Amino acid sequence: MKLGIDLGGTKIEIIALDDAGNTLHRERIATPQNDYQATLDAISTLVASTEKLLEQTGSLGICTPGAISPHSGLLKNSNSVCLNGKPFKQDIETSLQRDVVIANDANCFALSEAVDGAAKGADIVFGVIIGTGVGAGIVINGKALSGANAIAGEWGHNPLPWPKDDERPGMDCYCGKKGCIETWLSGPGFARHFAMKRQQTLTAKQIVKRAAQGDQDCELALQAYEERLARGLAHVINLLDPDVIVLGGGMSNIDRLYQNVPKRWGAYVFSDHVSTRLLPPRYGDSSGVRGAAWLTNHPGETD
């Protein structure tokens with residue numbers, strides 16, 4: 001049995017999978033807010049109750065916001081700020097009295113889709129999460145890539161490539177830079193740019209809906225979004241040359257992206273033909289917790 005934990009800002013989810021990837025048990029609880037020790041205790045309780053219910057012990061992988069720093073061994077870059085600077089891996093292993101494999105949420109998403117999801121069988125997979133933020137994970141030959149600094153796949157905090165005059169210098173990003181891909185392609189970033197350009201406040205979902213209903217301003221905004229996503233992913237293809245790119249997060253639900261973006265990215269890819277496939281996720285919101293469960297079978301190169 002393989003156990004996976006998805007540690008989110010609002011919920012903690014556990015899943016138990018058998019060797020074939022079938023779900024044996026799944027459960028969610030609320031994440032304790034701003035309380036590190038309570039978070040550790042909640043994870044330990046979930047693991048214990050699941051193993052008691054299923055009458056067996058499982059290997060355990062945990063999907064976290066942020067990553068374990070190879071330099072300090074402490075968690076970094078988490079939007080659940082109570083985890084930052086803490087020896088999370090050491091503490092949860094002490095609490096559970098077992099080894100635990102930990103990876104960030106984007107890596108777990110990519111791993112899930114590479115192992116038995118939309119990109120099953122592909123050698124190189126780039127898994128993108130475009131929701132309230134933008135992140136990505138890389139899986140090569142069934143293993144999640146972590147990197148020397150544990151930031152492999154941090155695509156969202158690179159500048160938008162081939163910027164046009166009206167895209168410079170770009171919007172402020174929380175990381176302290178301007179014009180990061182995240183500020184353009186996240187759901188809130190898309191909506192923020194629309195509001196600045198059109199003097200109208202709509203959510204990303206409303207913009208997409210109105211575009212489908214024939215609203216010309218919304219249609220033009222969505223075309224511009226597709227162009228920016230194509231440029232951003234063309235950069236990835238030029239660097240990594242993946243077999244498959246899988247989109248996740250709320251913006252991945254825009255069906256037209258899968259037809260329109262590949263039609264645009266060829267203008268920026270340094271090749272006479274682009275064989276990379278752009279696909280929707282098989283497991284969607286479940287990919288993080290499933291990827292966590294698969295971590296013990298498909299660890300990254302630094303684990």
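Set side by side, the residues GLY153, GLY137, GLY133 differ, and just one is modelled with pLDDT of 95 or more, in contact with a helix residue (DSSP H, G or I) (Cβ under 7 Å, 6 or more places away or on another chain) and within 16 Å of PHE109 (Cβ to Cβ), which is GLY137. Considering the conditions (1) of a type in the set (Val, Ile, Thr); (2) in contact with an Asp or Glu (Cβ under 9 Å, 6 or more places away or on another chain); (3) not in a helix (DSSP H, G or I), THR201 is excluded by exactly one of them, (2). When GLY250 is tested against (1) within 19 Å of GLU113 (Cα to Cα); (2) modelled with pLDDT of 95 or more, only condition (2) is not met.
Quick grid of which residues meet (1) under 18 Å from HIS235 (Cβ atoms); (2) not in a loop (DSSP other than H, G, I, E, B):
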position	(1), (2)
GLY153	yes, no
PRO161	yes, no
PRO169	no, no
TRP184	yes, yes
PHE194	no, yes
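In the range 33-68, the residue that is farthest from ALA150 (Cα to Cα) out of those that are crowded, with 18+ Cβ neighbours inside 10 Å and β-branched (Val, Ile, Thr) is THR50.
Evaluating LEU75 against the criteria (1) without any contact (Cβ under 8 Å) to a residue 40 or more places away in the chain; (2) surrounded by fewer than 17 Cβ atoms within 10 Å (Cβ to Cβ) leaves one unmet condition, (2). Can you tell me which residue in the range 108-132 is surrounded by the fewest Cβ atoms within 10 Å (Cβ to Cβ), limited to those that are of a type in the set (Gly, Ala, Ser) and more than 10 Å from the chain's Cα centre (by Cα)? This residue is GLY121. Determine, yes or no, whether ILE129 is outside any loop (DSSP other than H, G, I, E, B), in contact with a Phe, Trp or Tyr (Cβ under 9 Å, 6 or more places away or on another chain), over 17 Å from LEU257 (Cβ atoms) and assigned by TED's automatic domain parsing to the domain that holds ALA230. Judged against the criteria, ILE129 is not a match.
It is to be established whether one or more residues within the range 244-259 are more than 19 Å from the chain's Cα centre (by Cα), touching a residue at least 24 places away in the same chain (Cβ under 8 Å) and surrounded by fewer than 19 Cβ atoms within 10 Å (Cβ to Cβ). For the range 244-259, residues more than 19 Å from the chain's Cα centre (by Cα), touching a residue at least 24 places away in the same chain (Cβ under 8 Å) and surrounded by fewer than 19 Cβ atoms within 10 Å (Cβ to Cβ): present.
Regarding SER252, is this residue of a type in the set (Ser, Thr, Tyr), more than 18 Å from SER186 (Cβ to Cβ) and out of contact with any Phe, Trp or Tyr (no Cβ under 7 Å at 6 or more places or on another chain)? Considered against the rule, which asks whether it is of a type in the set (Ser, Thr, Tyr), more than 18 Å from SER186 (Cβ to Cβ) and out of contact with any Phe, Trp or Tyr (no Cβ under 7 Å at 6 or more places or on another chain), SER252 comes out as no.
Note on the range 214-303: enclosed helices (runs of 4 or more DSSP H) holding 2 or more residues that are under 30 Å from VAL47 (Cα atoms) are 287-294.
When the test is whether a residue is of a type in the set (A, V, I, L, M) and at pLDDT 95 or above, ILE68 does not pass it.
The values are calculated or read from the model by the stated rules, or taken from the named source; none is laboratory data. Note that the structure is a prediction, hence the values are computed from the model and not measured. Positions of Cβ are generated from backbone atoms using ideal geometry, with glycine treated the same way; all protein chains shown enter the neighbour counts.
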